[in-house]
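The values are calculated or read from the model by the stated rules, or taken from the named source; none is laboratory data. Just so you know, these numbers come straight off a predicted model, no measurement behind them. FYI the Cβ positions are ideal-geometry reconstructions off the backbone, even for glycines, and counts take in every protein chain you see.
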Amino acid sequence: MGQTDTAVVARRTLVVIGIVLATAAVLLLAYHTRQVLTWILVSALFAVALHPAVGWVTRRGAFGRRWLATLLVFLTAFALLGGLITLFVVPLAREGAQLIDNFPQIIDDLRAGRGPVGSLVERFHLMEYAENNADRIRDYAAGLGAPTIALLGSVATGVAGVVTIFVLSYLMVLEAPKVVDGFLALFPERRAEHIRRVGHDCAKTVTGYLTGNLLISFVCGTLTFVTLLIMDVPYAGLIALFVGVTDLIPLVGATIGAIVASLAAFTQSTTAGIVVVAFFVLYQQLENHLLQPVVFARTVQLNPLTVLVAILLAVELAGILGALLAIPVAGILQILARDVWDTRHGRPKAEPTVGEERVPVTGDEAERAHSAGAHAVHAAYAPAETPVTRTGTSA
């Protein structure tokens, strides 16, 4: 008997060691391939966001051919993205050329203490500091060569990433039905139907968040551009583009953009600065109490604490990209956790829950559902269109 116990302990020890080594190997592989894994994750999110549009075009205007619908949707998305970029690039190019032309005059104003920026330079004796530390500044400028080369490498990597994400997203959308059907074929019919419903919830969350966030950021950037243009703030297009991009970052993005835009407006005039600050205060109230509830209420149902924790963890893991993807990933995890909880307590829903008002199940109802045994299991995996009736309630 003692030898048997020893053999069991040894076997379990080997199993534990094997699991630990396998986990370490997977984590090491994930670390060394984190760039590619990030591209795959972003591609999957974009594929999920564009999947409903591809399905609609397939049914309505692509003669039932999915490859044609996928191509049309991606070309349309690419054209819209190119159009939005053009709307900002043209003013940016014009303002960049204007900045280069005015650069000598700007330097003269700084030296003479003219203009708002020149007054600040003169008040804080910044020019004297620059003259007294000319050698240090020159050495610092000479050391910018290496970061510039690194920046060019990052730009090349970014371009390669965009192309890779575009191709991966296209292939994911094109092959999605085959992949999903092949995966669900591994499970019994009722469980496969349940997995399909949970996947529908996750897809709806991602689609709603991505499209809603892009829409809100576009509104923010456009209104900022109009406000800065009215107040005659220079480089309004560049600042508005920055504000629109930072607004994609949850919670803190709008504040960062507002600070930069307000400082730029104050360099133009005090009146412009006050007007821009007032605009952002009013817009923030509009976004928080109207735009975000309307766009996100029926898709991403997360409380502020969950959002903040998700963003902090995501930023630590993946930087700015993590902040952008934190909320949809947290929403998916919430759906999965809720489904596991409901299933374990004998009260799974037969319909997708995203966008619905969830009605708590009372203790008596839960007890009756639990005692129903096989009937409760059957209700858990019943098709969505089949009504499932319980005592006192109806699904």
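Just a few scattered comments:
- Exactly one residue among Leu168, Leu152 is within 29 Å of the chain's Cα centre (by Cα), modelled with pLDDT of 85 or more and surrounded by 10 or more Cβ atoms within 10 Å (Cβ to Cβ), and that residue is Leu168.
- Residue within segment 312-321 that is within 16 Å of Leu210 (Cβ to Cβ), at pLDDT 80 or above and among the aliphatic types (A, V, I, L, M) present: yes
- Set Gly182, Gly244: member being touching a Ser or Thr at 6+ places or on another chain (Cβ under 8 Å) and farther than 15 Å from Val48 by Cα: Gly244
- Residue in segment 262-276 that is out of contact with any strand residue (DSSP E or B) (no Cβ under 8 Å at 6 or more places or on another chain), assigned to a helix (DSSP H, G or I) and within 28 Å of Leu325 (Cα to Cα) present: yes
- Some residue of segment 202-218 being assigned to a helix (DSSP H, G or I) and over 30 Å from Ile249 (Cα atoms): no
A quick yes/no check of all residues on (1) on the phi > 0 side of the Ramachandran plot; (2) of a type in the set (Asp, Glu); (3) in a helix (DSSP H, G or I); (4) modelled with pLDDT under 85:
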residue: Gln3; (1), (2), (3), (4): no, no, yes, yes
residue: Val8; (1), (2), (3), (4): no, no, yes, yes
residue: Ile17; (1), (2), (3), (4): no, no, yes, no
residue: Val20; (1), (2), (3), (4): no, no, yes, no
residue: Ala25; (1), (2), (3), (4): no, no, yes, no
residue: Phe46; (1), (2), (3), (4): no, no, yes, yes
residue: Ala49; (1), (2), (3), (4): no, no, yes, yes
residue: Phe63; (1), (2), (3), (4): yes, no, no, yes
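- Filter result (of a type in the set (A, V, I, L, M), touching a residue at least 12 places away in the same chain (Cβ under 8 Å) and either closer than 18 Å to Leu336 by Cα or surrounded by fewer than 16 Cβ atoms within 10 Å (Cβ to Cβ) (or both)) within segment 176-194: Val180, Leu184
- Applying the criterion of being of a type in the set (Gly, Ala, Ser) and surrounded by fewer than 18 Cβ atoms within 10 Å (Cβ to Cβ) to the residues of segment 243-297, the residue that is modelled with the lowest pLDDT is Ala297.
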